[in-house]
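The values are calculated or read from the model by the stated rules, or taken from the named source; none is laboratory data. Predicted model, so just to flag it, every value in this text is computed and none were measured. Positions of Cβ are generated from backbone atoms using ideal geometry, with glycine treated the same way; all protein chains shown enter the neighbour counts. When the accessible area is computed, the model is the full protein with side chains, heavy atoms only, and any ligands, DNA or RNA have been set aside. Shrake-Rupley method; radii C 1.70, N 1.55, O 1.52, S 1.80 Å.
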Amino acid sequence: GQLGIQLPELGAYGVAMCFLPVEKHNRLQCEGVFERIAQEEGLTVLGWRDTPVNGDAVGREARASQPYIEQMFVSRPQRSEHAGLDEEAFERLLYRIRRRTENEIAASEIDDKDTFYVPSFSCRTIIYKGLMLAPQIEKFYFELANPLVTSALCLVHQRFSTNTFPSWKLAHPYRYVAHNGEINTIRGNVSWMTARQSILESPLHEGQIAKLFPVISPGGSDSASLDNAVEFLFHSGRSLP
C-alpha cells in the first residue's frame, strides 16, 4: 500500500527477489535490463520495493559483501495471446525472463555485474537467502517476523559452504531442490547437459527453448547446478518425482 503498488489477485503477479550492485548507476542498469526483458515478454512491471533489511543482524564479512536487495513486482500478461495463461504457464514465463536477464547481464559490460543474482522469480514462492545463520534470518529480513506475513508453507535451511567460498550469491538456491552433501561428477554432468542442448525440445517452451540456455548457470555450486537441471526439467513438462 505505502508504495502505491496495486497488486492483482494471488497467482496473477510475480515477485523477483534481486541481489543488485550497491553502486546506483550499476544497479539501475541491471534493473533496466530486467524491466525491458519482462516487458518484451508481455509483463507489466508494477514497481520495485527496497526489501527491508537490518545489516546489523549479520556478521562483519557478510555486511561488507552485502548486495542491494530489492523486489520487482510484475503482473501476468493481459495481451490476448497470453490471456488464458494459467499459473504453470505464468511460472514458466517468469523462468524464461529470469534466464534471459541472467544471460544478458552476464554478457554485459555492467560494472559489478557479478553481484546480480535472482534468488527467486515466481508467482508462488519468495526466497529469502543470504550469508547468515538460521537465527539471523528473521532479524535481517525483519519483515518475516511481522505477523501480517503469512505463508502456506515455509522451509528454512542452513548449511556450511564446503567446496565454494561463502558468498551471498552462492548461498543455497532452493528454487526446487533442498540438497545436502556433494556431487562429485559435477563437471561431467554440466558437460553432458550442455552437449544435450542441441536436441532438447518441449512444446511448453513454444519454440523459445534456446533462451533458457545454458541450462546450468556458470559458476554455480554443485547444488545450484542440480537445482538448475531440476528446474529446467520441471518447466519442460516433467513432474517433480
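Points worth noting:
- Criterion: in a helix (DSSP H, G or I), aromatic (F, W, Y) and within 17 Å of the chain's Cα centre (by Cα) - qualifying residue of F73, F90: F90
- Considering only residues in segment 216-238 that are under 16 Å from P119 (Cβ atoms) and not in a helix (DSSP H, G or I), the one that is modelled with the highest pLDDT turns out to be S217.
- Flag for V177 being out of contact with any Asp or Glu (no Cβ under 7 Å at 6 or more places or on another chain) and either part of a helix (DSSP H, G or I) or open to solvent by less than 50 Å² (accessible area, probe 1.4 Å) (or both): no
- Any hit, segment 165-174, residues being open to solvent by 60 Å² or more (accessible area, probe 1.4 Å) and touching a strand residue (DSSP E or B) at 6+ places or on another chain (Cβ under 9 Å): yes
- Tabulated pairs, segment 21-49, first over 30 Å from A64 (Cβ atoms), second among the aliphatic types (A, V, I, L, M) and in a loop (DSSP other than H, G, I, E, B), C-beta under 8 angstrom, 6+ apart or interchain: L46/I5; L46/L7
- Selection of segment 138-168 for residues being outside any helix (DSSP H, G or I), at pLDDT 90 or above and of a type in the set (K, R) yields an empty set.
- Any chance E206 is at positive phi and either open to solvent by 50 Å² or more (accessible area, probe 1.4 Å) or under 22 Å from the mean Cα position of the chain (by Cα) (or both): yes
- Residues located in segment 14-44, provided they are more than 19 Å from A107 (Cα to Cα), among the aliphatic types (A, V, I, L, M) and open to solvent by 30 Å² or more (accessible area, probe 1.4 Å): V22
- Hey, N184 of a type in the set (S, T, N, Q), open to solvent by 80 Å² or more (accessible area, probe 1.4 Å), in contact (Cβ under 8 Å) with a residue 12 or more places away in the chain and outside any helix (DSSP H, G or I) or not: no
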